[in-house]
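Read the structure below first, then the notes.
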Amino acid sequence: MAARVLNVNVGVLGHIDSGKTALARALSTTGSTAAFDRAPQSRARGITLDLGFSCLRTALPPQLGPGPGELQLTLVDCPGHASLIRTIIGGAQIIDLMMLVIDVTKGMQTQSAECLVIGQIACQKMVVVLNKIDLLPEGKRQSAIEKMTKKMQKTLENTKFCGCPIVAVAAKPGGPEAPESENPLGISELIEVLKSQAYLPSRDPSGHFLMAVDHCFSIKGQGTVMTGTILSGSVTLGDNVEIPALKVTKKVKSMQMFHTPVTSAMQGDRVGICVTQFDPKLLERGLICTPDSLHTIHAAIISLKKIQYFRGALQTKAKFHITVGHETVMGRVMFFSPAPADFNEEMQENVFDFEKDYLYQEQYLSKDSVSSEENKENDQAGEVQLPKQQWALLEFEKPVTCPKLCLVIGSKLDTDIHANTCRLAFHGVLLQGMEDKNYTETFLPKLKVYKLKHKEGQVERVMDDYSVIGRSLFKKETNIQIFVGLKVKLSTGEDGIIDGGFGQSGKFKIRIPDGLKPETKMLLTVASKKKSKGGKGDLAKEDESSKNDSAQPVTVSLSFKRYVFDTQKKMIQS
């Protein structure tokens, strides 16, 4: 019986030119078809443009179980070039363990920070590799390494990777042009650290087959090969797989894992699948799956968290680059939170409840988004209240195909790539996709997100003990009829009901079911007497009297809520 092989996917991430590809080459024993910048445009530009894959096989470390066997570390070399961040996000979703490669002469750079953010979202464990130690003068090398190690430990202090191993290496002493005879430094120590960090990732062969394809090419007389990593489920020779982007289903003719033919593969495996011929140019990268198991959506509801390093507020109606599964498209967002009474309620994870009411937010609520004015008020009242969970409605500019409950990342990839700033804005989980093109009519009315509306006007005069005339609540052209029956409150404490319009200038009649208090009546009588004292044409006096009048007017306030997606725009009062 063949010795068992345990596959662990190791992401190699870092800033451009930190030496990721050289490190992957120094570590690996078997290159796959996609490895080591084989693409002609990568070689010409000297940088990695796509995900490269290769593998390293070593004896199974003791923590991974007894008996003979091999540990296969599949190295996913992610590009460091800023404009390729979408590719990195795609790569991070298939990674069990991450290597963050740092140029020891430069330390943390913009993209190293972005890679760290992606790692925190998508990955459980990390090893930091300080590369290019051959560039440090030998006499000062050890102290420079120690200094950078301390610096990195400080950077990682408040992340989930606090205390992770830090290893110093020179993957390609002398740089890319140096002869191959130069031996890399520190690689065997790094392999031991990777072995010590390897763990049994949870792998589940059941459920729908789903694979992230990152390369596609044809072999004459055989068919078209799609290589990638299996995200869920398993696949066997003879199975039918769907390519949703091309709307076709193909039969699996043969499979290989790192040049070794296999008859089946499961979640976490890196595999090449040969199917009946189609044009490989049509599928550079994307997803393949069990037929009919993925959905193509035009909009989605996600639960989300802001990325702490992103500067600036997340505004409703803003556009972001949204990475869903392995696609990146432009999308517009609308943020909403629980109703204020439910801010502290624990929400069920990965489920969205359409029965509940939600409060519309102009922006994602975070400590830094609450304005200084509110802070002043809240400082006196104590801590700012933030909801435990927030959501967003994403509306995509073009439909995306993705699995349910997949990772979503929102970024501002159009930010200047040389600006020293994090472009990743938020991350979340897709809870509900909208497959219907006409989702605004068929789906959104079910989403009970409301806005609180508040209007204020004034009481102009008393009609009798049970009714007053109000003004300044509505514009002249407002149809007051739609507000009839709504409750209002006077600043003196009485509850009233809007009874109808009064005249043509936007004034209205308010019924006070329990009657006016005597002191309110007095206040209003004094105010209207002052007003009528100024004779006609005596504008100066009238101005004077309105000043006195406005010193203590009785105000009328009208509060109601309106559901954002209610086609009838009903006003609701509790």
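Relative to the longest principal axis of the C-alpha atoms of the chain, give the angle of the C-alpha long axis of helix 539-551, reported between 0 and 90° and rounded to the nearest 10°. The answer is roughly 60 degrees. Note on the chain: with neighbouring protein chains present and a 1.4 Å probe, carbon and sulfur make up 50 percent of its accessible heavy-atom surface.
To the nearest 10 degrees, how steep is helix 138-156 against the longest Cα principal axis of the chain, on a 0 to 90 scale? Helix 138-156 sits roughly 40 degrees off the main axis of the chain.
Roughly what % of DSSP beta bridges within the chain run antiparallel, to the nearest 5? That works out to approximately 80 percent antiparallel. Accessible surface area normalised per residue over the chain is 50 Å², counting heavy atoms of protein chains with a 1.4 Å rolling probe.
For the chain, what is the mean residue ellipticity at 222 nm derived from helices alone (per DSSP H run of n ≥ 4: -39500 (n - 2.57); sum divided by total residues; nearest 500 deg cm²/dmol)? Spell out each step's value before the answer.
Numbers: 10 runs with 108 residues, N = 574.
The helix-only estimate for the chain comes to -5500 deg cm²/dmol at 222 nm.
Counting only protein chains, not ligands or nucleic acids, how are Lys253, Lys317 ordered by accessible area (probe 1.4 Å), most first?
Lys317, Lys253
For the chain, the longest principal axis of the Cα atoms and the long axis of helix 187-197 meet at an angle of about 50 degrees.
Between the labelled values (i) 1.14; (ii) 0.96; (iii) 0.98, the entry that holds Rg/Rh (Cα atoms, Kirkwood Rh) as derived from this structure is (i). For the chain, relative contact order (Cα pairs under 8 Å, six or more residues apart, normalised by length) works out to 10 percent.
The values are calculated or read from the model by the stated rules, or taken from the named source; none is laboratory data. None of these values were measured; they are calculated from a predicted model. Accessible surface areas use protein heavy atoms only, side chains included; no ligands, DNA or RNA. Shrake-Rupley method; radii C 1.70, N 1.55, O 1.52, S 1.80 Å.
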